[in-house]
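First the structure, in the form of structure tokens, and then the observations on it.
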Amino acid sequence: MKKAGTFFFFLIFILIKAGAQAPAFQVRFSEPLAVFEFVDYLSANAPDNPYKTLFNNSKFNQQQYKRLVAAYDKLNTDYEYEYTAYPYGQKIGGSTQSLLKKCLINSTSINDLKLKALGIIPNTDLFKLVDILNAFEPVYQELMYQPNKAVFEQQLQALKTLIVSKNIASYFMMGEKFYNSSWDNTIPFQLVFYPLPGTKHFTATAFYNNAVSALPVGFTNYNKLLSVMLHETFHILYDEQSLAFKQDIEKWFTSNPSKNGRYAFLLMNEALATSLGNGYVYGQLNGKEDTAEWYHRKYTNLMAKKIYPMVKEYASLQKPIDKAFVDNYIKIYDGNFSGWLLEPDNIMTDRYIIADNPDAFNSIDQKFAYRSMSQYDAGITLVNIEKLKMAPITKVVIVSKDNKNSLQLVKSQFKELADWNPDSGIDFNYVAWVNSDKTYLVIINVVKQKVEGHLDALRF
């Protein structure tokens, strides 16, 4: 194998039924992406991880490379945009960083990224990024790739073999039908891996037609790995449902009389992917279903397991999600987890926050680290309040300046606050229920107490 700019690939065509073509699955290593991930994990913004440990204990831990990491941290590579025609939160917003990663995967070398990604971010930032990645390519090769090359290649070969023997493409097509999704099966789906020493834990993510994961050195539980990768592809299939079908799902949830409907809906994407991927697919690959935890977060894990019999039935019968599925999904939530409507860790997962002191955003993120959907605006203004009102997720207003006028402005925009007469001179948390979209409105008035104390005392 050539040293630089190379990748493994394995193209698989499988016929599921007579005349029906499954999407091609490619198992790949992409050095440009791997070097990018390596640098990203060395960032001062990244928590402690095996990459940092290996680098810090190496001969490369010197000012030359530290300055490059610092320069990387100053780059802005992630600009976002929304698909405003879709129901709120039901279509993943566009991200220039995801586009950059797609270009990295499809680049034959790091320098090739200049042409592939031209126009995605400003040229100055793109060219600086390429220079940083080129400088770290030999570091990555010496520390990460070459010491693990032989084992990594064996792992990739094992995955290639398993994809054929277990007919992995059939599960993608099952997911396509289950989600009633929009996908052209002539478009290949790429499973991209890079070696990770020093741990047996891994995380995966998916974007466009790519699912990407670190592959722990020596890891051999390929059924588990592929079920997680398919979990991630199911998020893509959920995201690529047509606008009309997403509008149908939104209508099925909003028309259901359950008080839990919105928060059940907010959990659905992750619960479905977990139930279908970690539950159904893993059970099929492994010969028996996993009795351990399927997901590290209790709300997702418990809901995924409760809906599993229904998900398994639909998957086995090749049935798409329909109104009956949604009604039963909400019924399961009502019957088992209605108490979650009182748990801050659940309610604050999807949040829209406006605050006159942006430091409050960091306090929120530290207290409620798990975020599924979040949006933050600085300033208690009429424009920001109007945007807040339109978001069918938990709404949080944190007031710490000009308290009396700010509280009155908030009150004037919510009919649920018509009879509310706050004392702006004291610290308080106030929680109201917004009937129109079945979410909470949280108002935090900061006078003497710190925001952290308010968050600790938050109750629903």
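The values are calculated or read from the model by the stated rules, or taken from the named source; none is laboratory data. It should be emphasised that the depicted structure is a prediction, and the values quoted were computed from it without experimental measurement. For neighbour counting, all protein chains shown are included, and Cβ atoms are generated from backbone atoms with ideal geometry for every residue, glycine included.
Check whether at least one residue in the stretch 320-328 is of a type in the set (Phe, Trp, Tyr) and without any contact (Cβ under 8 Å) to a residue 60 or more places away in the chain, and report yes or no. Yes, because at least one residue in the stretch 320-328 is of a type in the set (Phe, Trp, Tyr) and without any contact (Cβ under 8 Å) to a residue 60 or more places away in the chain.
The helices (runs of 4 or more DSSP H) falling completely within the stretch 244-350 that include 2 or more residues that are modelled with pLDDT of 95 or more and charged (D, E, K, R) map to 261-273, 298-316, 323-337.
Identify, from the list 300, 291, the residue that is in contact with a Leu (Cβ under 8 Å, 6 or more places away or on another chain) and either free of Cβ contacts under 8 Å to residues at least 24 places away in the same chain or of a type in the set (S, T, N, Q) (or both).
300
For residue 217, the conditions (1) closer than 19 Å to residue 93 by Cα; (2) touching a residue at least 24 places away in the same chain (Cβ under 8 Å) all hold with the exception of (1).
Of the residues examined, residue 215 is one that is part of a strand (DSSP E or B), over 23 Å from residue 68 (Cβ atoms), among the aliphatic types (A, V, I, L, M) and in the same structural domain as residue 70 (by TED's automatic domain parsing). Within the stretch 411-460, the set of residues being surrounded by 15 or more Cβ atoms within 10 Å (Cβ to Cβ), hydrophobic (A, V, I, L, M, F, W, C) and part of a loop (DSSP other than H, G, I, E, B) comprises 414, 446, 458, 460.
The rows are residues; the columns are (1) touching a Pro at 6+ places or on another chain (Cβ under 8 Å); (2) under 24 Å from residue 410 (Cα atoms); (3) crowded, with 17+ Cβ neighbours inside 10 Å; (4) not assigned by TED's automatic domain parsing to the domain that holds residue 260.
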site: 310; (1), (2), (3), (4): no, no, no, no
site: 324; (1), (2), (3), (4): no, no, no, no
site: 327; (1), (2), (3), (4): no, no, no, no
site: 331; (1), (2), (3), (4): no, no, no, no
site: 350; (1), (2), (3), (4): no, yes, yes, yes
site: 355; (1), (2), (3), (4): no, yes, yes, yes
site: 362; (1), (2), (3), (4): no, yes, no, yes
site: 368; (1), (2), (3), (4): yes, yes, yes, yes
site: 371; (1), (2), (3), (4): no, no, no, yes
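Beta carbons closer than 9 Å, at least 6 apart along the sequence or on distinct chains, pair a first residue in the stretch 249-263 that is over 14 Å from residue 323 (Cα atoms) and in contact (Cβ under 8 Å) with a residue 60 or more places away in the chain with a second that is assigned to a helix (DSSP H, G or I) and of a type in the set (Lys, Arg) for 258/331.
Looking only at the stretch 153-166, decide whether some residue is out of contact with any Phe, Trp or Tyr (no Cβ under 7 Å at 6 or more places or on another chain), surrounded by fewer than 19 Cβ atoms within 10 Å (Cβ to Cβ), of a type in the set (Asp, Glu) and closer than 30 Å to residue 321 by Cβ. Within the stretch 153-166 (the criterion being out of contact with any Phe, Trp or Tyr (no Cβ under 7 Å at 6 or more places or on another chain), surrounded by fewer than 19 Cβ atoms within 10 Å (Cβ to Cβ), of a type in the set (Asp, Glu) and closer than 30 Å to residue 321 by Cβ), the answer is no, since none of the residues qualifies.
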